[in-house]
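Engineer: Below you'll find the structure I mean.
The values are calculated or read from the model by the stated rules, or taken from the named source; none is laboratory data. All figures in this text were calculated on a predicted structure; none of them were measured in a lab. Every residue, glycine as well, gets a Cβ built from its backbone with ideal geometry; the counts of neighbours run over all protein chains shown. These area figures cover heavy atoms from the full protein model, side chains too; ligands, DNA and RNA do not enter into them. Shrake-Rupley method; radii C 1.70, N 1.55, O 1.52, S 1.80 Å.
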Amino acid sequence: RNRFSNGSNAVQESDGNYGDAYAHIRRTNLLLKNAEDYSNQADIAQFVGEAKFFRAYSYFELVQLYGNAIIVTKPLNVTDPELKVAQNDRSEVIDFIIKDLEDAALLLPKYAEVENGRISQEGCWAFLSRVALYEGTWQKFRDNVERGKSLLDIAAKAAKEVIDSKQFSMFNPEALGDSAQKYMFILEDTKSNPAGLKKDANKEYIFSRRYDEILNPIGKNITKGNLINVVWITRKFANMYLCQDGLPIDKSPLFKGYDKMDSEFMNRDNRMRYTLARPHDNFWSNNNPRVTWKSDAEDLKSASIKNYIPDTGTGYHNQKWASERAVKDKFEGYDYPIIRYAEVLLNYAEAVFERDGAISDDDLNLSLNLVRCRVNTKMPKLTNSFVSEHGLDMRTEIRRERTIELYNEGFRLDDLKRWKTAETEMPQDILGVKWKGTEYETTWSKCPHPRNDDGILVLETGRKWAEKNYLFPLPKDQLQLNPNLKQNPGWE
């Protein structure tokens, strides 16, 4: 719950997002300016490519937050007139970003040749698929269909470049079984999973922020914050997980309802139990770690949470990003995936479908189904006949897969904005578990939250979302510094 999600944010005096983006852009422009005079361009091609990539990255952040933005291609001095010009239209900025990324891809080494932690040619294509999908759908769902279609074509082709490179694969070691995705996010070179796999076993991360317990710890209470703590999960999200027959809960005979605390977790997508915290399960943390990694008596004795009984927040809780190994607070060293292969596969499926109004089973099998079936080997693949036979909607299922797989990685609100569904989704009450008439009524008898007519917890109501909320307001200090800046609509 915060002012940005419930529509109560206002124009700020200053906004670090704005200033920081232009600070990053200035640094890239300095490098590019100095590079022009370098005698042997081949020697610095990689660094020029990296600068173009990060300039594009910073401009994309500006577009997502503010829409229009001032394009700056050189390092400015305090007297330069470019400091006081109006913003370029977002379409110009997106075209500029695409050009930077296409140029960068020609200069960057391939993934197989790049030093760990640096952006590769394939990473550039992957990010281009994100940019073009975002703007392609933004334009399509705001009635600029032709512009949208051309961008979606760029997104699909960029994602296909990554797929065809055959450099990446879904992290799915047999030794981890259904828990593979869970342990991917907390891989370290110290034992951090039952199979003892290290970071080099992960071929899914295309570009990541690298951490290490000794050299560069994360520096936040990452496990404490994420293990059944500050991350609130809504009922709507929990209900989005499919059943093992590939059907939504309102269509599947496998769904066990809500009578027991853990009944809704039964027969569901395996990511549900390994991403959310299933009641009655046991959980380990960095301070109460695994001992044998076998879930045996010795392991259980060390667990930080035994036979988990939810009694806080929405009743739905998180375990993603929470370490199970012994490590000091703030010293976890797993990497953060800025771009991972699963996203690229989902970008491809969505871009093809939104570009063409349809997607073939072959395209689904080389993209979305690799994500869907990673830890759900018995779940039916998503196919056109499956959608038709069960009265499903292909767009809904593609979006569902994206929401489930990329949960808690910073995509959801941007997705709702580009789909232009935030106005429908965001005003909805924040709901929790079904309390009345279920096991929760006896185990969580002092629940402080009100309930709706269906006996479901209501944690926030009265939420709003106006058209202006699709973009952030420009901060007051920037408007004062540059009188030619135009405030975003609705924020005047």
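Engineer: Which members of region 427-457 meet the condition of being open to solvent by less than 20 Å² (accessible area, probe 1.4 Å) and either hydrophobic (A, V, I, L, M, F, W, C) or on the phi < 0 side of the Ramachandran plot (or both)?
Structural biologist: Those that are open to solvent by less than 20 Å² (accessible area, probe 1.4 Å) and either hydrophobic (A, V, I, L, M, F, W, C) or on the phi < 0 side of the Ramachandran plot (or both): 432, 433, 438, 440, 444, 447, 456, 457.
Engineer: Could you run through region 253-292 and say how many residues are over 21 Å from residue 407 (Cβ atoms) and surrounded by fewer than 18 Cβ atoms within 10 Å (Cβ to Cβ)?
Structural biologist: Within region 253-292, residues that are over 21 Å from residue 407 (Cβ atoms) and surrounded by fewer than 18 Cβ atoms within 10 Å (Cβ to Cβ) number 13.
Engineer: Mind listing just one residue for me: the one in region 60-105 that is part of a helix (DSSP H, G or I) and among the small types (Gly, Ala, Ser) and, of those, most open to solvent (accessible area, probe 1.4 Å)?
Structural biologist: 91
Engineer: Need the failing condition index for residue 423 against (1) open to solvent by 60 Å² or more (accessible area, probe 1.4 Å); (2) in a strand (DSSP E or B), just the number.
Structural biologist: It fails just one condition, (2).
Engineer: Residue by residue through region 109-123, note down the ones that are more than 24 Å from the chain's Cα centre (by Cα), within 17 Å of residue 210 (Cβ to Cβ) and open to solvent by less than 60 Å² (accessible area, probe 1.4 Å).
Structural biologist: Of everything in region 109-123, just one residue is more than 24 Å from the chain's Cα centre (by Cα), within 17 Å of residue 210 (Cβ to Cβ) and open to solvent by less than 60 Å² (accessible area, probe 1.4 Å), namely 114.
Engineer: Separate question: Scan 135, 146, 161 and give me the residue that is outside any loop (DSSP other than H, G, I, E, B), acidic (Asp, Glu), out of contact with any Leu (no Cβ under 8 Å at 6 or more places or on another chain) and buried (at least 17 other Cβ atoms within 10 Å of the Cβ).
Structural biologist: Just a single option satisfies the conditions, and that option is 161.
Engineer: Inspect all residues belonging to region 12-29 and state whether any of them is of a type in the set (A, V, I, L, M), modelled with pLDDT of 95 or more, part of a helix (DSSP H, G or I) and buried (at least 16 other Cβ atoms within 10 Å of the Cβ).
Structural biologist: yes
Engineer: Pick from region 365-391 the residues that are outside any helix (DSSP H, G or I) and free of Cβ contacts under 8 Å to residues at least 12 places away in the same chain: which of them is farthest from the chain's Cα centre (by Cα)?
Structural biologist: 377
Engineer: Which condition does residue 331 not pass, out of (1) out of contact with any strand residue (DSSP E or B) (no Cβ under 9 Å at 6 or more places or on another chain); (2) open to solvent by 10 Å² or more (accessible area, probe 1.4 Å); (3) under 28 Å from residue 243 (Cβ atoms), if it passes all the others?
Structural biologist: For residue 331, the exception is condition (3).
Engineer: Where the second residue is outside any helix (DSSP H, G or I) and open to solvent by 40 Å² or more (accessible area, probe 1.4 Å) and the first is under 16 Å from residue 21 (Cα atoms) and lies in region 73-92, which pairs have Cβ atoms under 9 Å and are six or more apart or on separate chains?
Structural biologist: Final answer for the pair search is 83/77; 87/68; 87/71; 87/484; 87/486; 88/68; 88/71; 90/68.
Engineer: With the requirement that a residue be touching a residue at least 60 places away in the same chain (Cβ under 8 Å) and within 17 Å of residue 53 (Cα to Cα), what does region 63-72 give you?
Structural biologist: Those that are touching a residue at least 60 places away in the same chain (Cβ under 8 Å) and within 17 Å of residue 53 (Cα to Cα): 63, 64.
Engineer: So, in region 426-448, how many residues would count as being hydrophobic (A, V, I, L, M, F, W, C) and either in a loop (DSSP other than H, G, I, E, B) or free of Cβ contacts under 8 Å to residues at least 60 places away in the same chain (or both)?
Structural biologist: Total meeting the criteria: 4.
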